[in-house]
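The structure under discussion appears below in the form of structure tokens.
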Amino acid sequence: MTDNTNTNQLTDYHKQKNKEEMKRNVISFALMIISTIIAFVIVGSGIMDRIFAVFLLFILATIQVAFQFFYFMHMKDKGHALPAVMIVGGTWAAFLTVFGLVAAVWW
């Protein structure tokens, strides 16, 4: 019997693709751990001004959210347009709600 080389090539392709995906996930996980350690050092040591520390923590949190969406929730893949639109819409609605409440309290 002859071996079906198309199946072997397809399997090798999927193995290579899964290997690359796992490599990206491990790298993004490591970057998230590093940013978490940086956040703990910023808060725990008190080495910088409070306003700048809060601003930097928001930036680190935004980066971590992006890593979560794109790599661990697979929003970078095809077919995830509707969930992505819903997440962005929900985030925008939450921002407008918080902004409106803050504006109502302060003015």
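The values are calculated or read from the model by the stated rules, or taken from the named source; none is laboratory data. Bear in mind the structure is a predicted one, so any value in this text is a computation, not a measurement. Ideal geometry is used to build each Cβ from the backbone, glycine not excepted, and the neighbour counts take in all protein chains shown. Each accessible area value is taken on the protein alone, full model and side chains, heavy atoms only, with ligands, DNA and RNA left out. Shrake-Rupley method; radii C 1.70, N 1.55, O 1.52, S 1.80 Å.
Among residues other than Glu20 with Cβ under 15 Å from its Cβ, the summed charge is +3 (Lys and Arg +1, Asp and Glu -1). Between the entries (i) 47, 13, 9; (ii) 42, 22, 5; (iii) 34, 18, 9, the label attached to semi-axes √(5λ) of the Cα gyration tensor in Å calculated for this structure is (ii). Among Ala30, Ala61, Ala93, the residue with the largest mean-square fluctuation in a Gaussian network model of the chain, with springs joining Cα atoms closer than 10 Å, is Ala93. Averaged per residue, the chain has 85 square angstrom of accessible surface, using a 1.4 angstrom probe with ligands and nucleic acids left out. Phi angles across the stretch 30-35 convert, under the Karplus curve 6.51 cos²θ - 1.76 cosθ + 1.60 with θ = phi - 60°, into 3J(HN,Hα) values of 5, 5, 5, 5, 4, 5 Hz, Gly and Pro given as x. For the stretch 23-100, the carbon plus sulfur part of the accessible surface works out to 80%, probe radius 1.4 Å. Legend: calculated FRET efficiency, Val26 to Val85, from the Cβ-Cβ distance at R0 = 41 Å, rounded to 0.05, equals 0.90. If you keep only loop residues by DSSP, which trypsin sites (Lys or Arg not before Pro) in the chain have at most 10 other Cβ atoms within 10 Å of their Cβ? Of the trypsin sites (Lys or Arg not before Pro), the ones in loops of the chain whose Cβ has at most 10 other Cβ atoms within 10 Å are Lys78. The phi torsions of the stretch 78-83, fed into the Karplus equation with coefficients 6.51, -1.76 and 1.60 and a -60° offset, translate into couplings of 5, x, 10, 5, 5, x Hz, rounded to whole numbers, with Gly and Pro shown as x. Taking Lys and Arg as +1 and Asp and Glu as -1, the other residues whose beta-carbon sits under 15 Å from that of Lys76 total +1.
The helix-only estimate of mean residue ellipticity at 222 nm for the chain, built from DSSP H runs of length n ≥ 4 each weighted as -39500 (n - 2.57), is -28500 deg cm²/dmol after division by the residue total. Just checking the listed ones, Met75, Met32, Met86: in the Gaussian network model of the chain with Cα springs under 10 Å, the one fluctuating most is Met86.
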